[in-house]
Amino acid sequence: MAEAARAGGGARGVHDARDARGSGGSGGDLGFSALAFVLALAPRLYVAIAWAREPVWDGHYYDFGARRIAAGLGYSDDLIVGGQPVWHPWCHYPVGYSGFLGLVYKLFGAGPHVATIANAVAGALLVVVVHRLARRATTPARARVAALLAALSPGLIVYAALLMTEPLAALGLVTAPWLLARDAARGRLVRGAVLAGVALGLTALVRPQSLLCAPALALLAWRGPAGGATRGAAGGWRAAWRRGALAVALSSATALAVVAPWTIRNCRVMDGCALISTNGGWNLAIGAFPRATGRFETLRAGDGCPIARGQVAQDRCWMAAGLRWIQQDPARWLALIPKKLSFTFDHESFPIGYLGEANPAAWPEERRAAGRRVLTTSHLGLLSAAALGVVALPRVRPRRALVAQAAAIAAVLGLIAWGLLGDEHTFWPLAVAIPLLAALPLPGRPATGGVVGYLAFAVATVVLTHAVFFGEDRYHMVVTPALCILAACALRRGETARPGGHA
């Protein structure tokens with residue numbers, strides 16, 4: 001029975017429940033959540049006001065789209081045809097972030113710092129949700145550590161000055177599991193699943209691949225009301241699977257219902273139907289075409305789609321071209337995966353590059369280099385600690401648990417040493433190791449179901465997405481809050497079996 005409980009996740013559910021009870025339930029420590037909000041908001045407001053300039057790169061398009069939305073013109077621009085402006089709809093970029101800024105501009109005007117102040121507030125709210133979610137995963141003290149890591153993360157702070165999507169997407173990725181875990185523990189699984197679906201649907205409008213996290217919501221529904229764990233009996237496991245399936249079905253259906261009006265709009269005004277945006281084909285082609293390097297490269301008409309078409313038709317053309325290039329030389333495409341993951345996880349420099357592009361005089365190369373070092377060092381330290389969040393501090397007994405967890409720790413430390421001492425400072429294998437170690441049923445492992453399992457799954461979706469498409473360091477920012485919680489969980493106590501098969 002003990003082995004069955006470990007294999008099925010019952011012991012993990014008990015550990016999660018024990019942590020929740022020990023922390024005083026979901027309503028406890030609200031004072032610290034409020035303090036974390038203030039602590040996070042102060043530096044974000046500073047950079048939002050002192051460092052922000054005209055938006056550049058993709059931020060220019062998000063801002064332009066937001067201003068059009070605020071003006072009642074929709075997600076669009078104007079084309080000059082016959083000397084007259086003609087309304088021209090967009091859906092190349094996901095609409096969510098521009099929609100968020102458009103609402104802010106409608107309410108507060110489009111002044112020079114309105115958008116970045118909104119970013120600062122959203123970033124501070126992200127820290128609060130990290131704290132509330134972490135309390136569902138670990139002890140009160142460790143949950144506070146997770147909140148402090150998120151509040152003081154240099155990358156997340158600097159991002160307040162950027163008009164980019166990642167922090168808002170990250171807020172949705174941690175809000176959805178928090179809503180479900182909170183309500184499931186109160187016996188309100190249906191309400192929690194629906195609310196999580198709303199959060200996930202809104203997040204998908206910002207970052208479409210967020211929908212990939214929907215299956216992991218099942219991990220948060222397996223536990224019964226009031227933190228009760230599912231027992232190892234066959235009936236108990238069937239009930240747990242039914243709860244998980246219900247949560248995923250409801251949240252997925254709700255998320256798609258949230259997205260549906262935008263999809264209908266695209267089918268109505270674009271040159272074809274698109275679920276959310278029309279850059280998936282472009283991104284696949286960028287990661288597969290003959291000039292692919294593993295990171296962003298500009299596609300040209302001569303690369304495969306020379307005829308000017310509508311946005312949907314262009315994206316479908318690039319999708320077909322990308323699939324054709326992969327089929328023609330799959331070995332080359334596979335060989336690019338380590339480079340793509342390296343560009344995604346081995347450094348953190350995009351925020352500094354953005355600020356330097358927006359205000360070159362304030363960011364000479366020496367200051368940029370120093371900023372890149374600070375952000376990269378912080379990110380790599382966080383990634384390294386997060387990898388230890390899915391292994392346990394070994395116990396002397398039982399011996400097989402001691403050996404298994406000692407080996408897991410040695411593997412993580414070996415990857416860290418390889419990153420530190422290797423010529424190329426390769427740390428991306430740690431991002432791959434997090435979901436793998438979370439999934440492996442190693443004896444004596446820590447609780448890796450529930451919140452921790454969801455967070456590890458979220459990391460896996462980023463790894464998979466950018467292994468298929470292409471890598472840039474800004475793409476790991478969406479899971480930086482997840483890494484904060486995992487890092488706070490580093491080297492917890494492992495699971496133990498008790499008589500009768502319950503942990």
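The values are calculated or read from the model by the stated rules, or taken from the named source; none is laboratory data. Fair warning: this is a prediction, and the values are worked out from it, not measured in the lab. Using ideal geometry, Cβ is built from the backbone for each residue, glycine included, and neighbour counts are taken over all protein chains shown. We work out accessible area using only protein heavy atoms, side chains counted, and drop any ligands, DNA or RNA first. Shrake-Rupley method; radii C 1.70, N 1.55, O 1.52, S 1.80 Å.
General remarks:
- When ALA184, ALA169 are checked against the criterion of being part of a helix (DSSP H, G or I) and within 23 Å of GLY59 (Cα to Cα), ALA169 stands alone in meeting it.
- Flag if TYR62 is closer than 30 Å to PRO360 by Cα, assigned to a loop (DSSP other than H, G, I, E, B) and at pLDDT 95 or above: no
- In segment 417-434, the residue that is nearest to LYS339 (Cα to Cα) out of those that are open to solvent by less than 30 Å² (accessible area, probe 1.4 Å) and modelled with pLDDT of 95 or more is THR426.
- Of all residues in segment 129-142, those satisfying the criterion of being over 10 Å from LEU171 (Cβ atoms), in a helix (DSSP H, G or I) and touching a residue at least 12 places away in the same chain (Cβ under 8 Å) are HIS131, ARG132, LEU133, ALA134, PRO140, ARG142.
- Consider segment 214-240 and keep the residues that are aliphatic (A, V, I, L, M) and more than 30 Å from the chain's Cα centre (by Cα). The one that is modelled with the lowest pLDDT is ALA233.
- Qualifying residue in segment 309-327 (condition: part of a loop (DSSP other than H, G, I, E, B), without any contact (Cβ under 8 Å) to a residue 60 or more places away in the chain and open to solvent by less than 60 Å² (accessible area, probe 1.4 Å)): yes
- Selection status of ASN279, out of contact with any Ser or Thr (no Cβ under 6 Å at 6 or more places or on another chain), closer than 21 Å to LEU336 by Cβ and of a type in the set (S, T, N, Q): yes
- Assessment of segment 283-295 against the conditions (of a type outside the set (A, V, I, L, M), part of a helix (DSSP H, G or I), crowded, with 18+ Cβ neighbours inside 10 Å and modelled with pLDDT of 95 or more) yields at least one matching residue.
- Within segment 298-308, being open to solvent by 50 Å² or more (accessible area, probe 1.4 Å) and in a loop (DSSP other than H, G, I, E, B) holds for THR298, ARG300, PRO306, ILE307, ALA308.
- Taken as a whole, the structure leaves PRO140 outside the set of residues that are within 20 Å of the chain's Cα centre (by Cα), surrounded by fewer than 24 Cβ atoms within 10 Å (Cβ to Cβ) and closer than 22 Å to ALA386 by Cβ.
- Residues that are buried (at least 21 other Cβ atoms within 10 Å of the Cβ) and of a type in the set (Val, Ile, Thr), drawn from segment 328-362: THR344, ILE352
- Residue check for LEU73: at pLDDT 95 or above, assigned to a loop (DSSP other than H, G, I, E, B) and of a type outside the set (Phe, Trp, Tyr): yes
- Residue list for segment 143-166, restricted to those being open to solvent by less than 20 Å² (accessible area, probe 1.4 Å), aliphatic (A, V, I, L, M) and not in a helix (DSSP H, G or I): LEU162, LEU163, MET164
- Residues of segment 53-74 that turn out to be farther than 16 Å from GLY96 by Cα and acidic (Asp, Glu), as a count: 1
- Pairs where the first residue, in segment 75-91, is surrounded by 12 or more Cβ atoms within 10 Å (Cβ to Cβ) and the second is in a strand (DSSP E or B) and acidic (Asp, Glu), C-beta under 8 Å, 6+ apart: TRP87/ASP78; HIS88/ASP77; HIS88/ASP78; TRP90/ASP77
- Within segment 100-111, not a single residue is without any contact (Cβ under 8 Å) to a residue 40 or more places away in the chain, open to solvent by 20 Å² or more (accessible area, probe 1.4 Å) and in contact with a Lys or Arg (Cβ under 9 Å, 6 or more places away or on another chain).
- Residue within segment 112-132 that is of a type in the set (Gly, Ala, Ser), open to solvent by 20 Å² or more (accessible area, probe 1.4 Å) and either in contact with a Ser or Thr (Cβ under 8 Å, 6 or more places away or on another chain) or within 21 Å of GLN209 (Cα to Cα) (or both) present: no
- Within the option set TYR454, TYR475, being closer than 18 Å to LEU168 by Cβ and either of a type in the set (Phe, Trp, Tyr) or open to solvent by 10 Å² or more (accessible area, probe 1.4 Å) (or both) holds for one residue only, TYR475.
- Test: residue in segment 273-280 that is within 24 Å of TRP428 (Cα to Cα) and either modelled with pLDDT of 95 or more or among the hydroxyl-bearing types (Ser, Thr, Tyr) (or both): yes
- Positions within segment 270-282 being open to solvent by 40 Å² or more (accessible area, probe 1.4 Å) and assigned to a helix (DSSP H, G or I), in sequence order: TRP282
- Lone qualifier among LEU107, LEU101, LEU39 - being over 16 Å from LEU162 (Cα atoms), part of a helix (DSSP H, G or I) and within 25 Å of the chain's Cα centre (by Cα): LEU39
- Residue that is farthest from the chain's Cα centre (by Cα), among those in segment 363-405 that are open to solvent by less than 70 Å² (accessible area, probe 1.4 Å) and without any contact (Cβ under 8 Å) to a residue 24 or more places away in the chain: PRO364
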